[in-house]
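To start, the structure under review is shown below, and the notes come after it.
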Number of protein chains: 4
Amino acid sequence: MRSMVRSVHRVAVLGAAGFAGALAAAIVERHPRLELSMVTARSDAGRRLDHLYPRYRVRRELESYDPDAVAERADAAIVGYPHGAAAPVVEDLRKRGLKVVDLSADFRVSQELYERYYQPHKAPALLGQAVYGMPELHRDAIREASLVAGPGCYPTAALLALWPLRGHMRDAIVDAKSGVSGAGREATGTTHFVSVDENVSAYKVEGHRHRAELEHELGPETPITFTPHLVPLDQGLLASCYVTPKNGISAADLRDLFRDAYEGERFVELADTPPGVREVRDTNICRIHATVEPATGRVLVFSAIDNLWKGAAGQGVQDLNLMLGLDEGQGLE
Amino acid sequence: MRSMVRSVHRVAVLGAAGFAGALAAAIVERHPRLELSMVTARSDAGRRLDHLYPRYRVRRELESYDPDAVAERADAAIVGYPHGAAAPVVEDLRKRGLKVVDLSADFRVSQELYERYYQPHKAPALLGQAVYGMPELHRDAIREASLVAGPGCYPTAALLALWPLRGHMRDAIVDAKSGVSGAGREATGTTHFVSVDENVSAYKVEGHRHRAELEHELGPETPITFTPHLVPLDQGLLASCYVTPKNGISAADLRDLFRDAYEGERFVELADTPPGVREVRDTNICRIHATVEPATGRVLVFSAIDNLWKGAAGQGVQDLNLMLGLDEGQGLE
Amino acid sequence: MRSMVRSVHRVAVLGAAGFAGALAAAIVERHPRLELSMVTARSDAGRRLDHLYPRYRVRRELESYDPDAVAERADAAIVGYPHGAAAPVVEDLRKRGLKVVDLSADFRVSQELYERYYQPHKAPALLGQAVYGMPELHRDAIREASLVAGPGCYPTAALLALWPLRGHMRDAIVDAKSGVSGAGREATGTTHFVSVDENVSAYKVEGHRHRAELEHELGPETPITFTPHLVPLDQGLLASCYVTPKNGISAADLRDLFRDAYEGERFVELADTPPGVREVRDTNICRIHATVEPATGRVLVFSAIDNLWKGAAGQGVQDLNLMLGLDEGQGLE
Amino acid sequence: MRSMVRSVHRVAVLGAAGFAGALAAAIVERHPRLELSMVTARSDAGRRLDHLYPRYRVRRELESYDPDAVAERADAAIVGYPHGAAAPVVEDLRKRGLKVVDLSADFRVSQELYERYYQPHKAPALLGQAVYGMPELHRDAIREASLVAGPGCYPTAALLALWPLRGHMRDAIVDAKSGVSGAGREATGTTHFVSVDENVSAYKVEGHRHRAELEHELGPETPITFTPHLVPLDQGLLASCYVTPKNGISAADLRDLFRDAYEGERFVELADTPPGVREVRDTNICRIHATVEPATGRVLVFSAIDNLWKGAAGQGVQDLNLMLGLDEGQGLE
C-alpha cells in the first residue's frame, strides 16, 4: 500500500569529528526517517568516525567538504563547525537549496549582537532567514524555516528555566555548571584531565559569549548575570537561576506558570526536587525545578540538560524533524 | 637554656573517626607545639586511626570517651562530634577546665537561631562564652576564649567572600559547590559513588542550616539566598557570590575593600582570576577573586577553600593556636 | 492480517530496586515484544521506580513480592535478588510455570562449587534444569531452558576473553577492573564516594566468589588467578587476561581463533587495539582485543563490557529473548 | 657555635614547567637544607611558576636555560626535561661540576637497552658514571654518585614489588594502573578529560619503554610481561604483580623475604591488605602487600605509589639528599 511507503530524508553531517557533530551523526544514523548520507571533517577527513568515537559505532569514513557533493547527496545538513567557520558553509548549502541546521553561534542572534560578542559576520545576508532553534519557544517558525540556528548549551538550559518568567523578572542571575564536553574536542590546558579533575571554578566571569543569546531572546530590559563554571564530569549542564520577581509570586502561581508553559512538551520535565544532570544524561530532556525561597521571595529555578543532546545535537535533530515535517521527537527517545 | 624549652600543649581529639576529626588529629600530631594525647570515637573505639585513614598515618588507637580521662590527659580538646552530640561533651570538658574548639554547629549562633535551624539546645548556658572561630573576623576574641565554635564549611567560604562588603550589600546570593567529604563519613544514598559521579545538583534549596551562620554574622538586614550544590570531587568548596551593592562600586574601590580587609592575613589569598578548588586542596587557604560585572554593576566574588581544612579541621587548629598563645599558622603550612 | 499480530510476553522484574533489576525493568519496558507487567522490591515497595532511578523513566510503582500475583500477571520473570535470597523465589516461580532468568549466583554453578564459594544451597533440586546464560557459549541450551542463570559481571568479561583459548591454556591470570555499580546499590564504606574517588585498589585477592564460574565453565584443569580491582567510575569492567599457551601460538593463529569463535556474534566486537570501557558503556557489547606479546610469547586478551548491561541486565534480556523464541538482540540495540 | 651552622645547598630545577619538575621545585623550596636557586622552562620562560601551578605556591619566575648561569647559581640540579632533551643538558652541567639528578630516561639503562627502546643516545660517555636512583636498591652507589637517573614511575612501583623476589621468579606479570599525571602536562587526545573520564584501558601492550628498566635491574633471565593501563584519577600508580615462583613459597617465607628486604626503609610500607593509591597520594611512600594465592601457589604483590612523588620528583629529592650527605628523608615527610 502506498501509504506505507515512508520517505526518507538524506542528511549530511558536516564537522562530524567534533563532539556535537559526532553525536548528530549517530542520532541521524539510527533515525527511522533519516538517512545519514555523508559525514565530513576538516582535519580528520579520511579517518573513520567509529575510530574517533567507538561508542557511537557509526562505521563511516569522514570525507572532505565539497558543497556540490553535499548538495548532490543530501537534502538537508547539520553543520557542526566552530563559529566563524560555519557561516560560509551554511551559505554554500543554502545557495544549493539544502535545509540547514547550524549548531554554531553564527546564526543565533542579530548581526549587532553577534559582532559585539564574536567577530565580523561572514554571511549577514542570511541572518534574516535564520530561526533560533528552540522548539519550546519558536516551534512554528522552525517548521517553516530553511535555516535554523541550534542554540548554545548554556542558553538552552537558562532560557528554558527563565522563559515562563519573562515579563515577571526584575533581574536574573544564572550560575551555570557544565561538564567538559561543552569545551569541545580540542586538547588544551583547560580540557586536560589534570586541570579538571577534583576541581571546580568559574570562568569568563566578565562576559561569556552565550550571554548574547540570553539577551537576544529575553530582551535587553532584563539585566542578567551569567556565570559559567566547569565541573569534573563529561556530559551534563545545570543552570541554577536566581530571579527577583517584579512583584511577589506565590509558589502556586509559579507552579502554574511553568505548567502552562511546558504542558505537552515532550522534552521538558517539571520535577518536584532539584534535578541532577545524571537524570538527563544521554537524553534530549530538560528537567526543571522551580521554587520560591520563603525567606526572600526570590524565585529559584534549576534546569538540567545533557549539553551534547538538548544543548547541541539532540536539539538540532529535533529542529530538523520539525523542518522536515516529521514527528518532533523521532530518533530522540 | 631555659628559653629553649618550648612548652607543648596536650590536645585530645574527640570524634576522630569522622572526616574533620581525623584530619584534626593528623594536624595536631604533626604540630611542633601540640601533642596528640588521645583520640576518641563513638562507634569505632578500639580500632586504629591509621586503619580507618591510612593516608594520615596517625598510628593511634581510638578510645572510648570518658571526660575524666580526657581532663587528666589533655589541656585542650578539639571536638568532632555531630551537632547535638557535641554540646554535652563540650559541657563536660569546660567544667573540667579544658579549652575547647568545637567543630559542630552547637555553639556557632544564638540560641534562638540554633533552635530555629536545628533543635532544642542542650547546653545553652555555655553559649555566652563561645566565640565564632573565624580568625579573620574575630581574632582578638578567639585569643581570649576558652570555647570556640569552628565555623561551618559553607559559611567559611561565604563569609570570607562577603565580609569586606558588609554595609555595602543590598542583597546577596551564594551559589556554593561542595565536594562530597563535606557530607561526612556516613555511607548513604547521597554519598554513594554512583549517586555523585557524573552528577551535579542543588540540595536543600529551601533552607540549608548553614544559613544560620550567615545571618548571625552578617545580620538580618541583608537578605541572603544560599544554595548548596554537590559536585563530584572529594575535598573542595567554591562559593560563587552575587552581590547587589547598595550604591555603585568601582572595580578599584572593590579591590581596595578586599585588600584592606585581608592585608596581612596568612590564610586569605586575593587572586586575579576566579580560583579553582584544586588551588587550595590540602591547605588552610581561602582564595578569593572579586570583580564588578560591567553590564550590571553587580559584584561577583568567588571564594575557594578545602572544606576539611579551612572549612573545618584546619581552621579549628588555627583557632586553637590563637587560644593557646601560639603562632597562628603553626602546623598549618 | 493475522500474521501481523505479534504476541507480547508479560515479564515481571523482581528486585527492581537494585542496579541490575532497575536496568532490566527499563530494558523490558522499552522492548517491542515484552511488556513490563510488574516490578517488585523488598524494602522499597510502595515507592516509584522513576523516583529511585529518574534516568530510566520507568513510571511504575514497586510492589511487594507475592508469587501468586506474579504468576497471574506474568509469563516470565527476571529475578534481581541477591544470592541466597533468589533461590526460594525462583523455586516459587518455577513451580508456577514461569520461565525465569535469575541474575544472582544461585544457579550458575554446581551445588558443590556453590557451597564451597557461597553457602548451603536453598533449592538444589532446581540446579539440574538451570542453564548458564552466556549465549556465546550455550545458546542452544538457553533456547530450550526454562531457568537460566545470568552470569556474573567478572566471569562474563573473563570467559568471553578466554573461551576461544580453552584447550590451549597452560594457565591464565585475570586482572579485572570494575566500576562501582558492580558493588551494588547498598551504601557502604566501600561505595562511599570518598573511598573510591582518586583511588584504585585490588580486593578479595585471595579468592573472589566469581572464580567459581570461571572454574565451572573452563574446568579445573586450567589454573586461574583472578584479581578484581575497583576503579573510580560508574559502569564499566575491563578484564586484562594473561595466558601462557600450552604451545606457542602465532598472532595470525590467535586472530583466527577469535574470529572463528565470535563470527556472527552480535554482541562481541573484535578490536585492533585494547578497548576502553567507555566504548561499551550503556551497550550490551563485549569488546575484545587479543595479541601475542613478542618478548614472552604470552597471549594478552583485553575484554571490556558494561557490567550492568552485558554483565547483568542486558545479558539477562538476551537470554530471555532466546528462551521466548524472539530475536536475540531485540530491545538491546 | 659552628656546629649549629647548617650549610644550605643551592639547587636549580630545570624543566620546572612539567609536572615532575614543578613538584621537584616545590619540594626543594620547602626543604630545610636546600635553597631553590633557580627554575627554568623551555617554552614557559618568563611566566611565574605559581601561575602555572597555583597549588604549589612557588612564587618564582621561570628563566631560560643557560648552563653558565646555572653553574654560577647552583651547586646541584634536578633536570625535568623529556628524554632526549635531557642528555645534552646533563652533559653541560656535569662539565661544570654540578651534581645532577636527571628525571628523564636518558641515564637509566645501558646504551644498548636505551637505543633499543628509545633512540640514539646523545651523551653515551656519561652513562658510565650514572647510578639508577632507587635508594632501596642502590643506596651506597647513590651516595657516591654525581649523576643519578631518577627511575620511571612504573619501574619504581614494579621493582619495589619484585626486588625481594629476585632469584625466586620463574616469570612475572606486571599489570599497572596509572593516573593521568603520569602522561605529562602536554594536552593531547589521550589526556583530554573526556577521553579518560569513566574509562579504563590498557595501552602500549606490545612494549612500553619502561620495560627497559625492569629488564636492566632484574636481568634478562626473568621473562616479564608489563602492561600499563590508564585510570581516571590524577596522581597514583598501582602495580599488580603476578609471579610464578621457581619453587613453592609459603606465606610465612614470603613475609620474611619482604620484611628482610625493607626493614628500616622509611619510604616502603608493608601492608596487611592490598593498598589503594589514595593511601600514598602526595607522599613519597611505596605501600606494598604481598600474598600467596592458595589455589595456584602464585605470588601476588600489589605496590602503590604516587607517580609524581616516589615515581618522580620525591624520589629525585631522596636521591639528592643522599648525594649531598643529608638525611635521606629530609623535605619529604
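The values are calculated or read from the model by the stated rules, or taken from the named source; none is laboratory data. What you see is a predicted model, and the numbers here were worked out from it, not measured in a lab. Because the Cβ atoms are built from the backbone with ideal geometry, glycine has one as well, and the counts that use them run over all protein chains shown. Each accessible area value is taken on the protein alone, full model and side chains, heavy atoms only, with ligands, DNA and RNA left out. Shrake-Rupley method; radii C 1.70, N 1.55, O 1.52, S 1.80 Å.
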Return yes or no: is D:Arg42 assigned to a loop (DSSP other than H, G, I, E, B), touching a residue at least 12 places away in the same chain (Cβ under 8 Å) and charged (D, E, K, R)? yes
Could you list all residues from the stretch A:143-186 that are more than 14 Å from every other protein chain (Cβ to nearest Cβ), β-branched (Val, Ile, Thr) and not in a strand (DSSP E or B)? A:Thr156
Kindly evaluate B:Ala77 against the criterion of being in a strand (DSSP E or B), small (Gly, Ala, Ser), under 16 Å from B:Gly314 (Cα atoms) and modelled with pLDDT of 95 or more. yes
Kindly indicate whether C:Val205 is touching an Asp or Glu at 6+ places or on another chain (Cβ under 8 Å), more than 22 Å from D:Leu300 (Cβ to Cβ) and either open to solvent by less than 20 Å² (accessible area, probe 1.4 Å) or charged (D, E, K, R) (or both). no
Scan (1) more than 17 Å from C:Val101 (Cα to Cα); (2) without any contact (Cβ under 8 Å) to a residue 12 or more places away in the chain for the single condition C:Asp140 breaks and write down its number. (1)
Restricting to the stretch D:198-229, name every residue that is in a helix (DSSP H, G or I), within 10 Å of chain C (Cβ to nearest Cβ) and over 21 Å from C:Ile173 (Cα atoms). D:Glu215
Applying the selection to the stretch A:72-84, what residues are out of contact with any His (no Cβ under 8 Å at 6 or more places or on another chain) and either open to solvent by 30 Å² or more (accessible area, probe 1.4 Å) or of a type in the set (Lys, Arg) (or both)? A:Glu72, A:Arg73, A:Pro82, A:His83
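This table checks each residue for (1) among the aliphatic types (A, V, I, L, M); (2) in contact with a Leu (Cβ under 6 Å, 6 or more places away or on another chain).
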{"site": "B:Asp256", "(1), (2)": "no, no"}
{"site": "B:Ala271", "(1), (2)": "yes, no"}
{"site": "B:Val277", "(1), (2)": "yes, yes"}
{"site": "B:Thr291", "(1), (2)": "no, yes"}
{"site": "B:Pro294", "(1), (2)": "no, no"}
{"site": "B:Phe302", "(1), (2)": "no, no"}
{"site": "B:Asp306", "(1), (2)": "no, no"}
{"site": "B:Gly316", "(1), (2)": "no, yes"}
{"site": "B:Met323", "(1), (2)": "yes, no"}
Restrict the check to the stretch D:97-105 and report whether at least one residue is in a helix (DSSP H, G or I) and either farther than 30 Å from D:Leu218 by Cβ or within 22 Å of the chain's Cα centre (by Cα) (or both). no
Only one of (1) surrounded by 22 or more Cβ atoms within 10 Å (Cβ to Cβ); (2) closer than 24 Å to A:Ala149 by Cβ does not apply to A:Arg278, and that is (2)
Given (1) open to solvent by less than 50 Å² (accessible area, probe 1.4 Å); (2) modelled with pLDDT under 95, A:Leu127 misses just (2)
Evaluation of A:Leu270 against (1) in contact with a helix residue (DSSP H, G or I) (Cβ under 7 Å, 6 or more places away or on another chain); (2) open to solvent by less than 40 Å² (accessible area, probe 1.4 Å); (3) away from chain B (no Cβ under 11 Å) (one fails), failing number: (2)
Just wondering, is there one or more residues in the stretch C:106-113 that are over 19 Å from the mean Cα position of the chain (by Cα) and buried (at least 20 other Cβ atoms within 10 Å of the Cβ)? no
Identify the single condition in (1) assigned to a helix (DSSP H, G or I); (2) closer than 24 Å to C:Arg278 by Cα that A:Asp68 does not satisfy, given that it satisfies every other one. (2)
Can you tell me how many residues within the stretch B:45-64 are surrounded by fewer than 20 Cβ atoms within 10 Å (Cβ to Cβ), in a loop (DSSP other than H, G, I, E, B) and not hydroxyl-bearing (Ser, Thr, Tyr)? 6
What number of residues within the stretch D:295-313 are assigned to a loop (DSSP other than H, G, I, E, B), within 10 Å of chain C (Cβ to nearest Cβ) and in contact with a Phe, Trp or Tyr (Cβ under 8 Å, 6 or more places away or on another chain)? 1
Filtered residue count, the stretch D:244-287, keeping only those that are free of Cβ contacts under 8 Å to residues at least 60 places away in the same chain and in a loop (DSSP other than H, G, I, E, B): 15
Suppose we filter B:Ala69, B:Ala12 for residues that are under 22 Å from the mean Cα position of the chain (by Cα), of a type in the set (Gly, Ala, Ser) and on the phi < 0 side of the Ramachandran plot; which single one remains? B:Ala12
Could you look through the stretch D:283-294, keep only residues that are more than 7 Å from every other protein chain (Cβ to nearest Cβ) and open to solvent by 10 Å² or more (accessible area, probe 1.4 Å), and pick out the one that is nearest to B:Leu233 (Cα to Cα)? D:Thr283
Of (1) aromatic (Phe, Trp, Tyr); (2) out of contact with any Pro (no Cβ under 8 Å at 6 or more places or on another chain); (3) surrounded by fewer than 23 Cβ atoms within 10 Å (Cβ to Cβ), A:Phe258 satisfies every one except (2)
Test B:Leu233 against the criterion of being within 20 Å of the chain's Cα centre (by Cα), surrounded by 21 or more Cβ atoms within 10 Å (Cβ to Cβ) and either within 7 Å of another protein chain (Cβ to nearest Cβ) or in a loop (DSSP other than H, G, I, E, B) (or both), and give yes or no. yes
